[in-house]
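Working notes, structure below.
The values are calculated or read from the model by the stated rules, or taken from the named source; none is laboratory data. Because the structure is predicted, anything quoted here is derived from the model rather than measured. Backbone-built Cβ (ideal geometry, glycine too); neighbour counts: all protein chains shown. These accessible areas exclude ligands, DNA and RNA; they are computed on the full protein's heavy atoms, side chains included. Shrake-Rupley method; radii C 1.70, N 1.55, O 1.52, S 1.80 Å.
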Amino acid sequence: MGKKILLDKINIPGIKTYEVYRQHGGYASVEKALKNMTPDEVTEEVKTSGLRGRGGAGFPVGLKWSFIDKKSGNPRHLVCNADESEPGTFKDRYLMEYIPHLLIEGMITSSFALGANLSYIYIRGEYMWVFKTLERAIKEAYAAGWLGKNILGSGFDLDLHVHCGGGAYICGEETALIESLEGKRGNPRIKPPFPAVKGLWQNPTVVNNVESIATVPWIVLNSGEEYAKIGIGRSTGTKLFSASGHVKKPGVYEIEMGMTVEEFINSDEYLGGMVDDRPLKALIPGGSSVPILPKDLIYKTANGEDRLMTYESLADGGFATGSSLGSGGFIVYNDTSCIVRNTWNFARFYHHESCGQCSPCREGTGWMEKVLWRIENGQGRMEDIDLLWDIQSKIEGNTICPLGDAAAWPVAAAIRHFRDEFEFHIRFPEKIKNRDHFTAEPFEKVKHFLQGQTV
């Protein structure tokens with residue numbers, strides 16, 4: 001396997017305790033930063049590394065830090081977005097559960113770079129056992145002098161708290177998260193002003209993902225230049241992927257950016273190939289909100305080049321023939337999967353999680369769920385396919401936050417690449433009455449009915 005930065009020590013017995021973590025080099029980046037570096041020097045190392053946000057957007061972390069308002073004199077805050085709610089994504093939970101001090105170390109070093117003296121980890125409400133793990137780890141860090149007043153005699157103070165959300169997907173959006181952290185309903189804010197200028201309590205705030213912050217200690221210790229040598233092009237470093245679906249070895253994997261999708265799926269070192277060696281049908285590479293790819297666009301791009309595990313390669317061809325790396329929720333489907341049912345299930349999720357603030361999302365997600373349910377349950381009409389396309393196009397780009405886009409993109413991609421499967425559901429409702437209708441007879445074996453052919 002390739003280089004490990006985040007998961008290198010995760011299997012060491014007792015690594016979630018302070019004593020063991022410290023014995024294996026824990027908190028060394030805090031020592032280096034507070035004793036030998038200025039906040040601006042830490043920021044420059046992160047900039048040099050090319051580290052991009054690992055929560056989905058892929059925005060350069062160091063550049064985001066540089067936007068924080070330092071002129072106003074107002075208190076600054078770092079907020080860790082641990083509200084991991086994207087279907088198919090579970091990498092952040094894995095880090096926090098098994099090596100919580102890595103995140104805490106990253107929070108201290110990053111807070112020092114930003115000049116933040118009060119920082120928060122906002123964790124998903126359903127992760128209560130992880131919440132308790134973080135609370136214990138933070139208590140240990142306070143006891144050892146890594147949090148509190150005058151850390152290591154440097155004059156830098158930091159208080160760190162974990163805040164448990166109420167289980168709302170929308171609070172993964174940074175301004176909705178801030179609203180929730182302030183005790184309000186988690187509705188996204190209109191931007192500008194951006195959080196870097198007016199965020200938590202109208203103070204300058206940076207919101208970063210768990211994986212992004214947990215990467216900072218390695219960069220500070222080894223330099224941004226060394227980190228940038230890993231990976232390929234603008235996709236530097238390593239990336240965590242949450243692999244699930246019809247693969248032999250699902251789980252959380254750390255890979256060097258630039259590996260081919262084919263190697264990741266089929267190599268014995270990683271996912272080990274398809275369960276029961278059935279044919280590959282589709283792939284969602286970055287969580288439920290990114291476009292689904294059909295089998296002929298998974299291993300190769302539309303131009304015939306190898307599809308790589310990078311931001312650029314997964315997006316190659318735009319949404320017409322590509323997708324997005326997103327949050328790294330890597331969902332693999334074999335030939336027994338029903339794309340219509342999968343799309344309906346995602347639509348049901350986004351309808352339930354819409355905050356209701358924007359009409360296109362509030363109304364459109366509900367309409368998409370109802371129409372998809374109708375098609376999946378044998379009550380569809382041919383005009384429903386174009387109706388779905390029309391609805392999703394009116395949601396995309398017309399909402400305050402990206403949840404509307406996240407709901408629209410899976411529907412658009414499913415129709416774009418699997419329209420014949422939608423038509424089959426509508427024309428032959430008797431063949432899809434069983435919810436597992438493609439288990440016995442995969443779509444490839446029955447789609448000849450669409451042409452009126454016989455076997």
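Quick look at the values:
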item	result
Any hit, segment 404-415, residues being open to solvent by 90 Å² or more (accessible area, probe 1.4 Å) and not hydroxyl-bearing (Ser, Thr, Tyr)	no
Residues being surrounded by fewer than 21 Cβ atoms within 10 Å (Cβ to Cβ), assigned to a helix (DSSP H, G or I) and hydroxyl-bearing (Ser, Thr, Tyr) - total across segment 334-361	1
Cross-chain or 6+ apart pairs with Cβ under 8 Å, segment 302-322 first and over 22 Å from Pro60 (Cβ atoms) and basic (Lys, Arg), then open to solvent by 40 Å² or more (accessible area, probe 1.4 Å) and assigned to a loop (DSSP other than H, G, I, E, B)	Arg307/Tyr299; Arg307/Asp316
Only listed residue being open to solvent by less than 30 Å² (accessible area, probe 1.4 Å), in contact (Cβ under 8 Å) with a residue 12 or more places away in the chain, in contact with a strand residue (DSSP E or B) (Cβ under 9 Å, 6 or more places away or on another chain) and farther than 20 Å from Thr321 by Cβ, chosen from Leu240, Leu283	Leu240
Pairs, first more than 18 Å from Asn81 (Cα to Cα) in segment 31-60, second of a type in the set (Lys, Arg) and not in a helix (DSSP H, G or I), C-beta under 7 Å, six or more apart	Gly50/Arg234
Selected residue (only one of Ile395, Ile385, Ile375 is over 25 Å from Ile170 (Cβ atoms) and crowded, with 22+ Cβ neighbours inside 10 Å)	Ile375
Odd one out for Leu51, checked against (1) under 21 Å from the mean Cα position of the chain (by Cα); (2) open to solvent by 50 Å² or more (accessible area, probe 1.4 Å)	(2)
Any hit, segment 121-128, residues being among the charged types (D, E, K, R), farther than 17 Å from Lys35 by Cβ, surrounded by fewer than 23 Cβ atoms within 10 Å (Cβ to Cβ) and over 20 Å from the mean Cα position of the chain (by Cα)	no
Every pair of residues 6+ apart whose Cβ atoms lie under 8 Å, when the first sits in segment 97-118 and is more than 15 Å from Ser212 (Cβ to Cβ) and at pLDDT 95 or above while the second is acidic (Asp, Glu) and surrounded by fewer than 24 Cβ atoms within 10 Å (Cβ to Cβ)	His101/Glu140; Asn117/Asp157; Asn117/Asp159; Leu118/Asp159
Residue in segment 158-167 that is closer than 15 Å to Arg54 by Cβ, open to solvent by 10 Å² or more (accessible area, probe 1.4 Å) and assigned to a strand (DSSP E or B) present	no
Any hit, segment 261-277, residues being touching a Gly at 6+ places or on another chain (Cβ under 8 Å), β-branched (Val, Ile, Thr), buried (at least 19 other Cβ atoms within 10 Å of the Cβ) and outside any helix (DSSP H, G or I)	no
Per-region count, segment 302-314, residues assigned to a loop (DSSP other than H, G, I, E, B) and open to solvent by 10 Å² or more (accessible area, probe 1.4 Å)	4
Matching residues in segment 94-115 - criterion: being on the phi < 0 side of the Ramachandran plot and of a type in the set (Gly, Ala, Ser)	Gly106, Ser110, Ser111, Ala113
Close pairs from segment 170-183: first in contact (Cβ under 8 Å) with a residue 12 or more places away in the chain and within 24 Å of Gly58 (Cβ to Cβ), partner aromatic (Phe, Trp, Tyr) and open to solvent by less than 10 Å² (accessible area, probe 1.4 Å), Cβ under 6 Å, at least 6 apart	Leu177/Tyr122; Leu181/Tyr122
The listed residue being among the hydroxyl-bearing types (Ser, Thr, Tyr) and either touching a residue at least 60 places away in the same chain (Cβ under 8 Å) or under 19 Å from Leu293 (Cβ atoms) (or both), out of Thr365, Thr399, Thr439	Thr439
Members of segment 8-24 that are in a loop (DSSP other than H, G, I, E, B) and touching a residue at least 12 places away in the same chain (Cβ under 8 Å)	Lys9, Ile10, Ile12, Ile15, Lys16, Thr17, His24
So Ser154, is it touching a helix residue (DSSP H, G or I) at 6+ places or on another chain (Cβ under 7 Å) and either on the phi > 0 side of the Ramachandran plot or open to solvent by 20 Å² or more (accessible area, probe 1.4 Å) (or both)	yes
Candidates Thr109, Thr38 - the one that is under 30 Å from Ala243 (Cα atoms) and either under 23 Å from the mean Cα position of the chain (by Cα) or open to solvent by 50 Å² or more (accessible area, probe 1.4 Å) (or both)	Thr109
Filtered residues of segment 191-235 (kept if more than 17 Å from Asn81 (Cβ to Cβ) and of a type in the set (Ser, Thr, Tyr))	Ser223, Tyr227, Ser235
Asp83 being modelled with pLDDT of 95 or more and touching a Cys at 6+ places or on another chain (Cβ under 9 Å)	yes
Filter result for Asn203 (polar (S, T, N, Q), out of contact with any helix residue (DSSP H, G or I) (no Cβ under 9 Å at 6 or more places or on another chain) and farther than 30 Å from Lys3 by Cα)	yes
